[in-house]
1. Do we find a residue being under 29 Å from residue 263 (Cβ atoms) and surrounded by 14 or more Cβ atoms within 10 Å (Cβ to Cβ) anywhere in segment 157-172?
2. Hey, among 126, 111, 131, 80, which residue is under 22 Å from residue 215 (Cβ atoms), surrounded by fewer than 17 Cβ atoms within 10 Å (Cβ to Cβ) and modelled with pLDDT under 90?
3. Which one of 139, 117 is out of contact with any Phe, Trp or Tyr (no Cβ under 6 Å at 6 or more places or on another chain) and of a type in the set (A, V, I, L, M)?
4. What number of residues within segment 133-146 are assigned to a loop (DSSP other than H, G, I, E, B) and in contact (Cβ under 8 Å) with a residue 12 or more places away in the chain?
5. How many residues are at pLDDT 85 or above, part of a helix (DSSP H, G or I) and aromatic (Phe, Trp, Tyr) when one looks only at segment 211-255?
6. For segment 147-205, how many residues meet the condition of being outside any helix (DSSP H, G or I) and farther than 20 Å from residue 277 by Cα?
7. Taking the options 130, 99, name whichever one is in contact (Cβ under 8 Å) with a residue 40 or more places away in the chain, closer than 17 Å to residue 194 by Cα and assigned to a helix (DSSP H, G or I).
Amino acid sequence: MKQETGRLDRLFDYLIHVVLLLLVAVTLYPLLYVLFASVSEANQLVSHKGFLWKPLGFSLEAYLNVFRNPGILTGYKNTLFILFFGVILNLTMTSLAAYVLSRKNVMWNKLFIFVIVFTMFFNGGLIPIYLIVKNVGLVNTLWATIIPFAISTFNLIIMRTAFMAVPDSLEESAKMDGANHFTILLRIIIPLSMPVIAVMILYYAVEKWNGWFYAAVFIQDRELFPLQLVLREILIANATDSMSGDASAGERFQVGETIKYATIMIATVPILCVYPFVQKYFVKGVMVGALKG
């Protein structure tokens, strides 16, 4: 009976490994396809049908053409501005709110939590948000994509749960030594919650880097377009002519296809490079938010 159970367990393990490998392949192949297409010869790529397992020839012309578009560099600058100041504001506001909500002696704590969680499921919609942003004078500024979204309710709940896991005795000892709330937060709570802080940095950074919708709603000046909005314009509006040089119409179409893939790679790779630096904290940080209620 034990031998049969052992065989079933091994069979189940093999099945799990096969399923995971298939999931990895399904997830990884689109990225490899874009990479191979971006360094392929334009004429060979256009005539190719079916799966793409390797580059068709080799050419970096698409990447050189991408950087001919001044909107790419401007988009990078705007996105880095949003990323830097947005993540700082997000972490500051989320940490302060999570600290207050994680304290057991805060008056009306449960009511505050209920109201905050309520906003995850119900909100006023896009038009009220736009009117508020317009009335405070943030329309057509990069701050319109930063200030109205200073706190994510989901991330706040995760950080609050992590702060609640810090032993109360540490806070009581700090208060006996004369520490105020800011000292407790900065020198005790946050250092002991670095796995969750790293996860929050990753979550907020990816959100800021990939965000384009609210930028499209609030920003009209092309000089303020973030990178993802420039990428959207290239992919949807097929705005690649300015990057194709003096080529003929047919050559522009061919080169335009590789330019689209190169633009996707340029817009994707930088944020992928962030993950290895926080990967060791990622699982631990997520589990802290999942296990404590």
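The values are calculated or read from the model by the stated rules, or taken from the named source; none is laboratory data. Keep in mind it's a predicted model, so treat the numbers as computed, not measured. Virtual Cβ from ideal backbone geometry, glycine too; neighbours counted across all protein chains shown.
1. Looking for residues that are under 29 Å from residue 263 (Cβ atoms) and surrounded by 14 or more Cβ atoms within 10 Å (Cβ to Cβ), one finds none in segment 157-172, hence no.
2. 126
3. Values: 139 fails: out of contact with any Phe, Trp or Tyr (no Cβ under 6 Å at 6 or more places or on another chain).
After applying the criteria, what remains is 117.
4. Adding up the residues that qualify gives 5.
5. 3
6. 10
7. Residue meeting the stated conditions: 99.
Per-residue answers, yes or no, for (1) more than 28 Å from residue 198 (Cβ to Cβ); (2) assigned to a loop (DSSP other than H, G, I, E, B); (3) not acidic (Asp, Glu):
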site	(1), (2), (3)
55	yes, yes, yes
64	yes, no, yes
68	yes, yes, yes
91	no, no, yes
116	no, no, yes
